[in-house]
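In what follows, a single structure is set out as structure tokens and then discussed.
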Amino acid sequence: MGVRAGTSAIVIGAGLAGLATARVLSDHVDDVRVLERDRLPLEAVPRPSVPQGRHAHVLLASGQRQLDDWFPGLADELTAGGAVSVPADLGFISSSMSQPLLERTIRGLLLRQRPNVSVSDETAVDGLLVEDGRVVGVEVDGVRHRADLVVACSGRHTRFLDQLAGTGFPAPPVSEVRIDVACGTCVVPRQPDDFAGALAVAVDDPALGHRVGLMVPAEGDRWIITLASFHDDGPPADPAAYEDFARSLPLPLIADVLAQAEAATPVMTYRMPTSQRRHVERLKQTPAGFLVLGDAICSFNPLHAQGMSSAALQARALGHAISRHGSASPRLPGAFYRRAARVIDLPWRIAARADLADPRISGPDLVGTDLVDRYLDKALWAGHTSVPVARRTMQVQHLLARPETLITPAMIVRVLLTAVTRPRRR
Ligand SMILES: Cc1cc2nc3c(=O)[nH]c(=O)nc-3n(C[C@H](O)[C@H](O)[C@H](O)COP(=O)(O)OP(=O)(O)OC[C@H]3O[C@@H](n4cnc5c(N)ncnc54)[C@H](O)[C@@H]3O)c2cc1C
């Protein structure tokens, strides 16, 4: 379906979900306005409403491919902005950068490449305009802005669904996994010969405490180091204790980089009590003219690095739903939420399955898939010795393939052979 003359959309929030949504809407709607409450900096620096901008980010291959497809020249612009090429043995992640650089580059390309999109910063949306059971726009500082479609990409703490609940629409049921994850991040200078720019991840055994370290190369010759753990075991802010925490990981390389670093920023901390999924797909009644997307639907445990890619894939699903129903159809919200739920199911399962292996983490039972889950666990392990299995499990983890693609006769033989020949593991 092409652009319908005179149609308009408002996107609330210029985070990654908002930018991806605006890109998709620009194919279908005449005038797309993105309203963002923060001042959007010209430089690639963190901003107040997006605390995750201070922490290490990894863009999964599915998100990277989708963004490359939408924004021609993205890879070159990121490289020009200082993004670091990552040696990718299995061909999945090709470059690494800070979250602010990625967000700023996409925002710049969106504005240059899509002339029907505008972004207004320092514009906080106070509420939705609801008339006759339909959302017809938003209110900002007492001024009404009308649009055929409003998409709230306003993040985990979005208030707009609560506002609708106040006008008689039901609120969606919520699933939560009580991860209580604590992250501590510091940034240190990166020497050109440090691990040839490789990306480092070290993960402990969940049953033994589950500490995680992630070190990503970023623009400006920096390593962004994020250490994390669950419950009361968060990384300390004191530099020496922080280094000790890094030393407790099963691989020494992050601690070695910290020990050799000539300077380090103070440790910046972040806590997330739960990963949280709003089951908008179960809503029996939703107003026409309004959708939520991105972290506003599902905010994942950040350690699985799924949020940006999930947002991009949800935005792609929105494009498919609009092609089918049109941007102003009352059937659009239900159709989109069903598609978004299918997109979210896979990363939600992958993350919840891994998190719930830690006995201190509680959450909804992942019923009915024990056998499949045990097989997937074996497949992950088989990937250590079988390149075809590793490639396929990586495709699943990067949200490029469904888990069922691991259950082919050839894969089953490889996985089971490894299971019977592998040494016992801890
Ligand atoms: C510590 C941490 C690490 C992470 N690491 C990764 C990673 O490695 N890989 C990955 O893929 N994902 C990661 N994520 C998740 C990822 O950052 C998000 O999923 C992704 O950026 C999409 O977020 P969003 O755009 O939906 O929401 P947000 O980024 O929260 O953006 C919401 C925007 O809406 C604006 N807004 C809110 N209310 C209003 C209003 N009333 N009016 C106007 N504007 C408003 C806010 O200012 C903000 O700009 C991480 C998250 C955290 C917390």
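The values are calculated or read from the model by the stated rules, or taken from the named source; none is laboratory data. All values reported here derive from a predicted model rather than from experimental measurement. Note: ideal-geometry Cβ built from the backbone for every residue, glycine included; neighbour counts use all protein chains shown. We work out accessible area using only protein heavy atoms, side chains counted, and drop any ligands, DNA or RNA first. Shrake-Rupley method; radii C 1.70, N 1.55, O 1.52, S 1.80 Å.
A few notes on this one:
- Whole-percent carbon and sulfur share, accessible surface of the range 180-272, 1.4 Å: 56
- Segment SER94-GLN191, extension gain: residue separation times 0.36 nm, minus the distance between their alpha carbons: 33.0 nm
- A run of the chain free of exposed loop cleavage sites, with GluC sites (Glu not before Pro) counted only in DSSP states other than H, G, I, E and B and at most 12 other beta carbons within 10 Å, reaches its longest extent at 263-426.
- Relative contact order of the range 180-272, defined on C-alpha pairs under 8 angstrom at six or more residues apart (%): 40
- Using a probe of 1.4 angstrom and keeping all protein chains present, the accessible surface of the chain works out to 44 square angstrom per residue.
- Candidate membrane-span-like segments in the chain, meaning DSSP H helices with Cα atoms spread over at least 20 Å of their own axis and a Kyte-Doolittle mean of -0.5 or above, are 99-113, 307-325, 332-355, with no membrane implied.
- Projected label points at ASP373 and ASP162, each 7 Å from Cα along the beta carbon direction, are separated by 3.2 nanometres.
- Taking a Cβ cut-off of under 15 Å around PRO330, the surrounding Lys, Arg, Asp and Glu residues balance to a net charge of +2, with basic ones at +1 and acidic ones at -1.
- In Hz, Karplus ³J(HN,Hα) per residue of the range 279-288 (6.51, -1.76, 1.60; θ = phi - 60°; x = Gly, Pro): 7, 4, 5, 8, 5, 7, 9, 10, x, 5
- For ARG391 and SER85, a Förster radius of 25 Å and the Cβ-Cβ distance give a FRET efficiency of 0.75, rounded to the nearest 0.05.
- For the range 180-272, fraction of C-alpha pairs farther apart than 21 Å, in %: 23
- List ARG134, ARG414, ordered by accessible area with a 1.4 Å probe, largest first: ARG414, ARG134
- With all protein chains modelled, accessible area of ARG159 [1.4 Å, Å²]: 140
- Model label points for LYS284 and ILE407, set 7 angstrom from Cα along the Cα-to-Cβ axis, are 3.3 nm apart.
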